[in-house]
Amino acid sequence: MAVKYIPEPFRIKMVETIKTLTAEERAQRIAEAHYNVFNLKSDDVYIDLLTDSGTNAMSSDQWAGIMSGDEAYAGAKSYRRLLAAGEDIFGYKYIQPVHQGRAAEKVLFPLLLSKGKYAIANMFFDTTRAHVEIAGARAIDCIAEEAREIQLRLPFKGNMDVIKLEELINHYGKENIGLIVMTITNNSAGGQPVSVENIRQTSEICKKYHLPLCIDAARYAENAYFIKQRETAYKNKSIPEIVKTMFSFADMFTMSAKKDAIVNMGGLIGVKDNDELVAKVKGNTIAFEGFISYGGLAGRDLEAIAIGLYEGLDESYLKYRIGQVEYLASLLDDAGIVYQSPVGGHGLFIDAAAMFPHIPYYQFPAQALAIELYKEAGIRACDIGSFMLGNDPDTKKQLKSEFEFTRLAIPRRVYTQAHLDLVAETLVSIKKRANEMKGFAIVWEPPVLRHFQAHLKPIK
Ligand code: F0G
């Protein structure tokens, strides 16, 4: 049964027209895009659920901030405002703006990782994994077992497997581990939250072996909301209090501000208390991103992030936001569509392997569902499965992903209940003819992050 749709805690002041193509036009457009949704023109998409990253609707306060952004090269007012917000919310001594999340990874990771080293995470996002590898190191996922039980409704399926973490540290040798990463929420496992207790236990292991703990903080506010709902000790704490607690256990963070800071561009690095590391972060930022007071962004962007960081923590907003995803998922239950449940914070992750059991991982079932969603209704989703995972960097063989998810990511404050209804109807209709669906083969791929650019063809 459908859960109640939580009314929007905002009203709409500005709109953007979207239009639908005919089924024939869509079939032609996706073929021209080599069956890669990243190659589609956005005006050929009706409902764009490719990502919740940078696709958010900013508030009137944020737009006002854009107009008052201080564009001075050094010492700008907007920079100081962002630092104040960052220090206030996260309680870290040093905050560095950068142009997006992967820039934070590019600046920070080579300072901690090099050839022969390993980084271990509850689960790496694709760019995070790529930057571990670009630094010469190897990335190891250490997700708690329960995340693999897609239909099992457990509160914290994003957690690190702390027993395995300690085994891995001992197996590879603590001197060979450069970094432990805690991704909150755990995007690749389905936007699943991590508990404070799990962050605390992970931090204890890090302290025991003298290893740095870095939070990959893209969806930190959604994670805090889940903690308030599901972790008894925190049910009477405010979202800002929970955020402070989560960050208190780590040494540093990288953040894509394009998610929970509700902006279109930006990222942050935070360092709790390590002057030596801060000096190196500044050096890399100046080399790669620009001077430390803007980090590859315009002053107006810094202003919008400073405002958005607070808006993202508003509990009535978070209730509506997570409520949208819960509503969408509830429309699929009667049709027997399997998804990572309970739903994650930023989207619905459909188990495409369950929907298309006849399509093997190397023919990319999650990509097949994404393509069909576009063909059927102009909905753009993406593969978070073997197609995204790619090849082993050493053997070059196709890796088998833990999950074959088709991700429908929900941009913040953008789509309405009727849009979500259409998405659900389309999924139900595809499920009814699931056995007719065919897989895909790659005809061309670049060496890293291939899913953004690869060309595919349908298997006849
Ligand atoms: N970490 C996580 C957990 C992410 O989800 C992302 C981006 C990044 C780091 C990199 O940030 O895009 O600002 O460079 N995720 C987007 C997504 C792209 O669609 O999930 P970025």
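The values are calculated or read from the model by the stated rules, or taken from the named source; none is laboratory data. Note that the structure is predicted; figures quoted are calculated from it, not measured. Cβ coordinates were reconstructed from backbone atoms using ideal geometry, including for glycine residues, and neighbour counts include every protein chain displayed. Keep in mind that these areas ignore ligands, DNA and RNA; they rest on the heavy atoms of the full protein, side chains included. Shrake-Rupley method; radii C 1.70, N 1.55, O 1.52, S 1.80 Å.
Tabulated data for the structure shown
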| item | result |
| --- | --- |
| Modelled label reach - Arg433, point 7 Å along Cα→Cβ, the range 331-365 residues with backbone N closer than 20 Å | 335-338, 352-359, 365 |
| Dipole of the range 321-460 [Lys/Arg +1, Asp/Glu -1 at C-beta], most positive-end residue of Ile350, Ala441, Thr416 | Ala441 |
| Carbon + sulfur, % of accessible area of the chain - ligands and nucleic acids excluded, 1.4 Å | 52 |
| Spacing of the two label points (7 Å from each Cα toward its C-beta) at Leu449 and Ile286, in nm | 2.6 |
| Column: log10 I(q)/I(0), Debye, Cα scatterers of the range 266-398, q = 0.13, 0.17 Å⁻¹ | -0.90, -1.02 |
| In Hz, Karplus ³J(HN,Hα) per residue of the range 297-303 (6.51, -1.76, 1.60; θ = phi - 60°; x = Gly, Pro) | 10, 7, x, 5, 5, 4, 4 |
| Computed over the range 16-70: relative contact order in percent, which uses C-alpha pairs under 8 Å that are six or more apart | 33 |
| Chymotrypsin sites (Phe, Trp or Tyr not before Pro) restricted to the range 1-52 and DSSP loop, no more than 14 other C-beta within 10 Å | Phe10 |
| Solvent exposure of the range 353-460 as accessible area per residue, Å², 1.4 Å probe | 42 |
| Kirkwood Rh in Å, taken over all unlike Cα pairs in the chain | 22.4 |
| Leading residue at positive end of dipole, the chain (Cβ point charges), from Ala84, Ala139, Tyr220 | Ala139 |
| For the range 174-274, alpha-carbon Rg relative to the globular expectation (2.2 N^0.38 Å, N residues) | 1.06 |
| Ratio Rg/Rh, restricted to the range 154-214 and using Cα atoms, in which Rh is the Kirkwood radius | 0.98 |
| Centre separation in Å (Cα based) which lies between the range 320-337 and the range 91-144 | 33 |
| Computed helical MRE - 222 nm, the chain, DSSP H runs ≥ 4 contributing -39500 (n - 2.57), nearest 500 | -11500 deg cm²/dmol |
| Above-threshold pairs, the threshold being 27 Å between Cα atoms, out of Lys174/Lys258; Lys208/Lys400; Lys117/Lys280; Lys237/Lys272 | Lys174/Lys258; Lys208/Lys400 |
| Value of relative contact order over the chain, rounded to a whole percent, pairs C-alpha under 8 Å and six or more apart | 24 |
| Nearest-0.05 FRET efficiency for Ala441 and Glu197, computed from C-beta distance (R0 41 Å) | 0.40 |
| Debye-sum result for the range 349-458 in log10 I(q)/I(0), which assumes one identical scatterer on each alpha carbon, at q = 0.11, 0.15, 0.18 Å⁻¹ | -0.35, -0.63, -0.87 |
| Percentage relative contact order, the range 1-158, counting C-alpha pairs under 8 Å, at least six apart | 11 |
| Loop trypsin sites (Lys or Arg not before Pro), the range 355-418 (other Cβ atoms within 10 Å of the site Cβ: 13 or fewer; DSSP) | Lys396, Lys397, Lys400 |
